[in-house]
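**Q** Attaching a single structure in C-alpha cells format; questions to follow.
Every read-out reported here was derived from the displayed coordinates using simple, explicitly stated rules and does not represent laboratory data. These figures come from a predicted structure and were not determined experimentally. Using ideal geometry, Cβ is built from the backbone for each residue, glycine included, and neighbour counts are taken over all protein chains shown.
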Amino acid sequence: MPRLSEVIAALESLWPPERAEDWDAVGTVCGDPDGEVTRVLFAVDPVQEIVDEAVKLGADLLVTHHPLYLRGTTTVAASTFKGRVVHTLIKNDIALHVAHTNADRADPGVSDALAGALDIRVVRPLVPDPTDPEGRRGLGRVCELDHPLTVRELAARAAERLPATAQGIRVAGDAEALVRTVAVSGGSGDSLFDDVRAAGADAFLTADLRHHPASEARAHSPLALLDAAHWATEWPWCELAASQLDEISDRNGWGLRVHVSKTVTDPWTTHAASNPTNTPGAPN
Ligand SMILES: [Zn+2]
C-alpha cells in the first residue's frame, strides 16, 4: 500500500507543478504525506458534493483539476464554503491534490482528452511550451479531421460525445462550412483567439466564450466557434488521468482503486429555448 507522498510523487511526474502558470495554485492542498492510500477519486471541481462523494466512497485521496484556493485565505472556518470542504476532507482523512494548468500543458493533457472524446486526431499544441524541445506540450491542441465535417456535424458530435449539460453546444458561424482543422482547448479559451487564427483553424471548440471576444473573433474571419460547458470540456481529462494513475499503480504493484466522479458539477442546470418567432421587430 503506497504512502500519500509516493502517490503524489507519481502525480507530479505526470504533471510537474513547475509547469503550471505563475498565477495558478497547484499541488497538495491537504493530506498527511505518511498516510496510506488505497482509493483515489478524480473530479473537475473540489466542491462539497464531490468531497461528500469521496467520503462515501472511502477515498483517501481526491484529485481535482480546479484549485480549491487560488489566492491566499485567512480562514478555513467551516462556516465558509471552502472551509467546509477543508473540514470535511481533514475529518475524514482525505487528501486533496490539484493538477490545473500543469495538466493543461502536459502531454497528454486536458485538451488531448477533449480531442480524444471527440475521436479527432491531435497534430500539435495550439500554444507550444517553449521549454519543450519536442514541441509536444503546451496549451490547447490543433487537430485534423481525416474526413471533413460541417460545423453543424462537428457540433453534433461534441454534443453527443461530451457529458450532457444544460447548455449543450453553442455555435457561432456558418453551420454548413466545412471543417478540416479544428483547435480545441478545455476550459476557458477566449484568450487564445490569436493562436487559433495563426493555426489556420476552421473551427475552435472551447468553453466560456464571452460576447465581445467572440464577436471580435467572428468579425473578420470565417472561424466557427463551438462553445461547450466548461465542466464538460474538462471532465474527459479525469478519465485520462485516472487511467494514467491506474497504469502507474499496476507497474508498482500498489493495487490502488481509482475512480472517476460522474457527478455533474457544471453550475448551469436548466436551459430554456427561445421562442424563435420572438425576434425584435417581428409582427406578433
Ligand atoms: Zn477549468
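**Q** Given an 8 Å cut-off on Cα distances and at least 6 residues of separation, report the relative contact order of the chain as a percent. Each step should come with its number before you reach the end.
**A** Working: 560 pairs, mean separation 52.6, N = 284.
Dividing the mean separation by the residue count of the chain yields 19 percent.
**Q** Still on this structure, I have one more. I'd like the projected area of region 105-228, averaged over all directions, using the convex hull of its alpha carbons. Report it in nm² with one decimal.
**A** Values: hull surface 28.0 nm².
It is 7.0 nm².
**Q** Then there is this: For a quick check: sort S13, S274, S5, S111 by the number of other beta carbons within 10 angstrom, fewest at the front.
**A** Numbers: S13 10, S274 7, S5 15, S111 33.
By the 10 Å Cβ count, ascending: S274, S13, S5, S111.
**Q** I need the calculated FRET efficiency for the pair K262 and I90, taking r as the beta carbon distance and R₀ as 35 Å, to the nearest 0.05.
**A** On the way: r = 25 Å, r/R0 = 0.72.
The formula returns an efficiency of 0.90 here.
**Q** Counting DSSP beta bridges in the chain, what percent are antiparallel, to the nearest 5?
**A** The antiparallel fraction comes to roughly 50 percent.
**Q** Which order do peptides 118-126, 17-25, 173-181 fall in by mean Cβ count within 10 Å, highest first?
**A** Working: 118-126: 17.1, 17-25: 13.9, 173-181: 15.4.
Top to bottom by mean Cβ count within 10 Å: 118-126, 173-181, 17-25.
**Q** Can I ask one more? Which percent, to the nearest 5, of DSSP beta bridges fully inside region 105-228 are antiparallel? Mind showing how you got there, number by number?
**A** Numbers: 15 of 24 bridges.
DSSP beta bridges in region 105-228 are roughly 60 percent antiparallel.
**Q** I've got another one for you. Taking amide H atoms as placed 1.01 Å from N in the peptide plane, list the residues 5 or more away in sequence, or in a different chain, whose amide H sits under 5 Å from that of R257.
**A** Those lying under 5 Å, H to H, from R257 are R39, V40.
**Q** List, largest first, the extents of the alpha carbons of the chain along their principal axes, each in whole Å.
**A** 66, 50, 32
**Q** Answer rounded, prolate or oblate for region 5-76, using the Cα gyration tensor with square roots of eigenvalues a ≥ b ≥ c: rounded when a/c is under 1.5, else prolate when a/b is larger than b/c, else oblate. Could you put the intermediate results ahead of the total?
**A** Numbers: a/c = 1.68, a/b = 1.16, b/c = 1.45.
Note, shape of region 5-76 comes out oblate.
**Q** How do 32-42, 72-82, 247-257 rank on mean C-beta neighbours within 10 Å, highest first? Each step should come with its number before you reach the end.
**A** Details: 32-42: 17.5, 72-82: 11.3, 247-257: 14.3.
In decreasing order of mean packing, 32-42, 72-82, 247-257 become 32-42, 247-257, 72-82.
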